[in-house]
1. Can you compute log10 of I(q)/I(0) for chain B with the Debye formula, treating each Cα as one identical point scatterer, at q = 0.09, 0.13 Å⁻¹?
2. Which net charge results for the neighbourhood of B:I113, defined as the other residues with beta-carbon distances under 12 angstrom from its beta-carbon, given Lys and Arg at +1 and Asp and Glu at -1?
3. Could you please rank A:R33, A:R304, placing first whichever residue has the fewest other Cβ atoms within 10 Å of its Cβ?
4. Per the Kirkwood treatment, what hydrodynamic radius in Å, one decimal, follows for the stretch B:182-336 from the mean inverse distance over all distinct Cα pairs?
5. Which of the listed residues, B:M228, B:T246, B:W257, is farthest toward the dipole's positive end in the stretch B:196-301, when Lys, Arg count +1 and Asp, Glu count -1 at the beta-carbon?
6. Return the calculated 222 nm mean residue ellipticity for chain B, to the nearest 500 deg cm²/dmol, obtained by summing -39500 (n - 2.57) across DSSP H runs with n ≥ 4 and dividing by the residue count.
7. Across peptide A:374-387, what mean number of C-beta atoms from other chains lies inside 10 Å of a residue's C-beta?
8. Among the aspartates and glutamates, select those whose C-alpha is under 16 Å from the C-alpha of B:K453, and discard any that sit fewer than 8 residues away in the same chain.
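Derivation of every value follows stated rules applied to the coordinates shown; laboratory data play no part. On a predicted model such as this, the values are computed, not experimentally measured, just so you know. In this analysis, Cβ positions are derived from the backbone assuming ideal geometry, glycine residues included, and neighbour counts consider all displayed protein chains.
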Amino acid sequence: MAALFPSLFVFTFILWLGLSVWVVVGRLVYEARQLVQQKVQRELEDLNLAGLSPELRARAVHQILARYPRRSIDRLVVANSPSASVLEVYAQHVLTRYGLATILLDAAGNERKPDTWRRISALQILTRIRQLAVYELLEKALLAPDDEVVGAAIVLLGALGDTQAAQILIAALRDGSPFSSRIATQLEHFPDHAVRSLQLLLSHSNSQVRYWAAFLLARHGAFPGLDGELAPLGNDPDPHVRRAAVQALGRIGGPRATYVAIKLLADPTGYVRAYAIRALGVLGRTECAGKIAALMTDQDWWVRLAAKETLVDMGPRVWRDAAAQLDSADAFARDGAAEVLQNMGVLPDLVAQADGGANSEETFQILLKAIEAGGRGVLEASLSGAEPGVRARVEVRLAAGNGENT
Amino acid sequence: MSFLDIALWVCLAYTAIAYAFVLSMLVFGAFESLLRKRQRTSMDDSSMLSSRCTIPVSIVAPILNEETVILPAVRSLLAQNYPELELILVDDGSTDGTLALLQREFGLVRREIFYRSTLPSAPVRGIYRSLKDPRLIVVSKDNGGTKADALNCGVNLTKYSYLCCVDGDTVYESDALLRTMTHVVKDPATIVGASSFFGISQEPGSDLGPANGKRRLDPKALIIFQHMDLMRSFIASRLAWSRLDTMLCSSGAFTIWRRDVIMEMGGFSKEFTCEDIEMTFRVHERYLREKRPYRIISLPFMVAQTEGPDSVSRLVSQRARWQRVILETVWHFRKMMLRPTYSVVGLIGFPYYVFFEAIAPFFQAFSILVFGLAVWLNFLNWPIYLSLLGTIVFLTALPTTVAVLLHDQSYRDFHIRDLVKMLLLALLDLFLYRPILMYAGFKGTVDFLKGVKSWDKFDRNVRSLAPNPEKHDRV
């Protein structure tokens, strides 16, 4: 015991001191490296490299980069956005200094001694300089057993952003990659021409592939005849595919879009009905407002919510369709109708109409039903903004109307 | 062997086991921190920002008498850099000017919203929509006595498949939601809960976000100690628990839950003083018992600043409540203790909570008494006692040192002088800060035994400036 505690004290003191020194020294080293990176960046910008001939440019950049450690340069290139001319020379510099073979080996991954982050780092550098072999390496990385490598490869293919990268990602989707949503997140940003082949996947045997194809094509309405290719998916056996199809059709429009959306208002799956409703809203099909309003009686909460929100989005022109549900036997529908009228902002106009406008009695009855169904919030929404005289008269009538109905 | 001999060995053994545990957690935490740091280099937040695949989130924020901090808090939530979200504030019967402030600032108008009242809560007085920001809904309700009641009320109104439960007195970084959801969506089928580190400030939002690239450490020592306490807890400790899949406390100040899990659990419980740790335990208990795959993770990046009490009495009040919560929870879930059914949670996490959180104040006080007595009766001589004390000082400082190291390696957002300040203050932790926590632990234990359930919210710190929209506007 006599020797143990003093030894423990010394040990813990050294441990604490060592870690504290690590914090401070590590930070100082980091700050110094940041200064180096900023200096390299400034020197490269000062040179006005684009105006130099390729030979002079190469020589100038080599002279600068050769003075600094690899780590500083790697971070500079990966983290910042040097011009294309700098990147081109950087590529030559890195390959000359460290050897293409080393970096390509790192990027290919060592199956016997896998080093995830070294592989990702190598892939990042090769992507940044658009080395020709990177596509094949990234394609191979998509099949790696390490999720981190796969995730990084997906992001790097997205960063490449060209047709070849898109084809690799689409192929991975087609082959049923478990990372489909992350692949889709990247594919969403590719230009139209790069993702045309998605159309071929609309008839794939795997429903998940059809789903993603429909989902992604929603952004590419410029493809001619796309609505015709999506429309048959409205009859797909998989409800997810039907949902993606109607959602896409809502965005791209076309003659068949409305037909499919109306048909899917009667789909057996609740979320398909909900998406069909929203698609009609996006298409602006106000003539379908009556059908949508009727779905405020749907047994599925999310369908009712979609109906309410879509009617509000369609605006005051469809207020009568919403108001028709104030007479529904379904309490949810009556509540929903009142809420829709409130959120449309038409209630103050109804108050003004009820105060001696055209069809004032009919309008008054609608107002009364809305307030009975909607409660105080609807009442306040109705009377807010009304002129004091109008407000007073309507309040009196409402009070009398409520008394007659109780 | 005399009683004092036995007592000495017991205290030494407890101390040795406690610090062995802590040091092990530091190693696991370091590996987890390194993994998260490396993951940052290969993630793509910008694509998520504009993607339709990004899952929308409902933020639920219960509030009660928060007029001094509510505006910066709400602005920070509405300023979240995230493609689709809704914010539901639940005013749990504030008696100050909280609701009036919100009405003025956000153009609130009373509206009806028909929703499914699936989770019971105290009656709703009114619901308000914002004319300035359609994503904002404010619910005014009768006080339900607990934050859980307000949360459940808010959850009833949510429409998205993920909930972010937050506090109304906390100011959030603009990328809090995005950075956390980026990790959640990597495995949405399994990850049911995610939380992250938040800092302490006397005035949340006063130095939120790096200014000139660097955060400003609060000038008050008591606040710095609390900040370091949270750094230790989140970065050195919870990261380790997360790595071992035994994360036992998802903080109510910022946790993202999958909505269906909360609904399956029947909402947050009103039977406990705090709802956050209890919900975490409950999810572990259900999913492990039913052998369903799940994960609750903790992440190391700073998502927010919350108010730390700036006086000892207020700190004691807060920490006594936390001690009460721990005792309520471990007592309620005691059947999980050391049962293989509950895997690492039951075999390691739960015993840790019992021995090194729940009963820690008593063992610490007992150790002080025993060691003092041992020296007085010449069982221990002064050199040995001092070297033992010195060892404990440095062992106590180590978790803070490691937390500072891991945080700085990943984020580099404190000035170097503030790093040195934290490293040196860590040495004083055992003498200046721990006694306060020990006393609070006693108080909390006594309150638990007496059946106290009150929130005991501390009075808000005095603000140096009145709420200033221009200063705190982050839009």
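1. -0.60, -1.30
2. Values: positive: A:K308, B:R110, B:R111, B:R116, B:R129, B:K159; negative: A:E309, A:D335, A:E339, B:E86, B:E112.
Here the charged neighbours net out to +1.
3. Working: A:R33 16, A:R304 23.
Fewest-to-most ranking of A:R33, A:R304: A:R33, A:R304.
4. For the stretch B:182-336, the Kirkwood estimate is 16.7 Å.
5. The listed residue farthest towards the positive side: B:T246.
6. Calculated at 222 nm, the ellipticity per residue is -15000 deg cm²/dmol.
7. Counting Cβ atoms of other protein chains within 10 Å of each residue's Cβ and averaging gives 3.
8. Filter leaves B:D149, B:E271, B:E275, B:D276, B:E278, B:E328.
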